[in-house]
Each structure stands twice: as structure tokens, then as C-alpha cells.
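Undergrad: Can you read through this structure? Questions will come right after.
The values are calculated or read from the model by the stated rules, or taken from the named source; none is laboratory data. In this text, all values refer to a predicted model and were calculated from it rather than measured experimentally. Neighbour counts are summed over all protein chains in view; Cβ atoms, including those assigned to glycine, are modelled from backbone coordinates with ideal geometry. Heavy atoms of the whole protein, side chains included, go into the accessibility calculation; ligands, DNA and RNA do not. Shrake-Rupley method; radii C 1.70, N 1.55, O 1.52, S 1.80 Å.
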Amino acid sequence: MNLEHRLIESLQEKGKEFVPAPELKIKVMNNINTENGKMRKRMVAGILTATLLIPSGVLAS
């Protein structure tokens with residue numbers, strides 16, 4: 001058994017003993033929701049920009 005394998009097993013055993021705080025799940029879920037909202041806004045802005053720039057470029061050429 002090599003060192004890496006023993007280290008992985010040791011960390012997995014310690015992880016089984018770890019109990020996160022209940023409010024941690026709420027914080028993580030709130031953070032995920034705000035990140036998805038920002039990504040959605042960027043996507044809409046990108047699509048809107050593309051729909052305006054492509055016809056303008058074609059018309060200019």
C-alpha cells in the first residue's frame with residue numbers, strides 16, 4: 001500500500017466523523033442561487049448583444 005492510498009483512506013475516515021453545521025447548507029444553497037442568477041443575466045446580455053451586432057455588421061458590409 002503506497003502513501004497516497006493510505007492518505008486517501010485516512011482522510012475518508014476523518015470525513016465520516018465530520019458533521020457540518022446546519023446553517024452551512026443554507027449558506028451554500030443561497031450562494032448557488034445567486035451565482036446562477038448572475039450567469040443567467042450574463043447569458044441574456046450576451047445573446048442580446050449578438051442579436052444587435054450581427055445584423056449591424058452585415059448591414060455595414
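Undergrad: Just the number please: accessible area per residue for the chain, 1.4 Å probe, all protein chains included, in Å².
TA: Averaged over the residues of the chain, the accessible area is 99 Å².
Undergrad: What residue among 51, 12, 30 has its Cα farthest toward the positive end of the dipole of the chain, where the charges are +1 on Lys, Arg and -1 on Asp, Glu, each on the Cβ?
TA: Comparing the listed Cα positions along the dipole, 51 ranks first.
Undergrad: Binned at 10 Å from 0, what are the whole-percent values of the Cα-Cα distance distribution for the chain, short to long?
TA: Values per bin, smallest distances first: 17, 18, 19, 18, 13, 11, 5.
Undergrad: Relative to the longest principal axis of the C-alpha atoms of the chain, give the angle of the C-alpha long axis of helix 3-17, reported between 0 and 90° and rounded to the nearest 10°.
TA: 90 degrees
Undergrad: State, to one decimal in nm, how far the label point of residue 50 lies from the label point of residue 17, with both points 7 Å from Cα in the Cβ direction.
TA: So the label points at residue 50 and residue 17 sit 5.1 nm apart.
Undergrad: Sort 23, 9 by accessible area with a 1.4 Å probe, largest first.
TA: Solvent-accessible surface, decreasing: 23, 9.
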